[in-house]
Amino acid sequence: MGFLSEDVTYLAGGLGILAGVFLLALKVTQQGKFLIWAMTALGLAGLALVVEKLWVTDNERIEQVVYELRDAVAASNAPAVLALLTPDVQYGQWNRQDQAVEGSAARAFIESELGKVRFDFLRLSQLQSNAGSQSGRGSALFRVIAGGSYNTPFANLNFGTAHLDFALGFRRTAPKEWRVDRISLTRAPREMPLPGGSSSEPRSRGPLEVPRKSYMQ
């Protein structure tokens, strides 16, 4: 039933085309049965759209959290960002696990960095989500393109377009509620701050490749 709950564009579109064919046949043949068939096809298309609207899947809930996180980060709204994270969230870079931080240290680092950056733009693309209904674990991969300024104790530094790839781990914390419990950078600029006061390094890893450690079902 995934075709019905996730995206009914093709189903509804196909039924709409079929209804058009029946209406054309009605015009040519003047047979009433084609009108009935056309109305039935249109009714099924409308029903599919209603079901898709009301039937929200866990994948869609995870994607909604990602978009809420994007909006909060773009506004440098630390409280809104932290509200979407679990208390024990882990933050780090996929190949530097020794520098990853978690829990209150991760939340404090995220809050501190958000207080220093102001975005002129922040766009999200290539979003892929996965939810494990039985395990209560999920994941999301996406790319961020951003530009803005970064405040240091000495100067206000403007940065051009930056490309970052993220892999997020999710945990279901309540019925129909998902929160981020792992944030992993899979690609970042060399100068980007990381926990421990270090900076990122360029890597040859392909974009949006899933980290070895996975919470996917």
Is it true that some residue in the range 85-105 is in a helix (DSSP H, G or I) and touching a helix residue (DSSP H, G or I) at 6+ places or on another chain (Cβ under 6 Å)? no
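Sort out for me the helices (runs of 4 or more DSSP H) sitting completely within the range 1-82 that have 2 or more residues that are polar (S, T, N, Q) and either at pLDDT 85 or above or crowded, with 16+ Cβ neighbours inside 10 Å (or both). Talk me through it step by step, then tell me what you get.
Values: elements: 2-5, 9-29, 32-54, 58-74.
Here the list reads 58-74.
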Residues of the range 122-167 being under 19 Å from Ala78 (Cβ atoms) and within 17 Å of the chain's Cα centre (by Cα), which ones? Leu122, Leu124, Val144, Ala146, Leu164, Phe166
I'm trying to understand the selection: among the residues of the range 149-190, which are part of a strand (DSSP E or B), surrounded by fewer than 18 Cβ atoms within 10 Å (Cβ to Cβ) and of a type in the set (Gly, Ala, Ser)? Ser149, Gly160, Ala162, Ala174
Please go through the range 106-122 and give me each residue that is surrounded by fewer than 15 Cβ atoms within 10 Å (Cβ to Cβ) and either free of Cβ contacts under 8 Å to residues at least 12 places away in the same chain or part of a loop (DSSP other than H, G, I, E, B) (or both), ordered by number. Ala108, Ser112, Gly115
Looking at the range 83-105, which of the residues that are farther than 18 Å from Arg179 by Cβ and polar (S, T, N, Q) is modelled with the highest pLDDT? Gln93
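The values are calculated or read from the model by the stated rules, or taken from the named source; none is laboratory data. What you see is a predicted model; the values in this text were computed from it and never measured. Cβ: placed from backbone, ideal geometry, glycine included. Neighbour counts: every protein chain shown.
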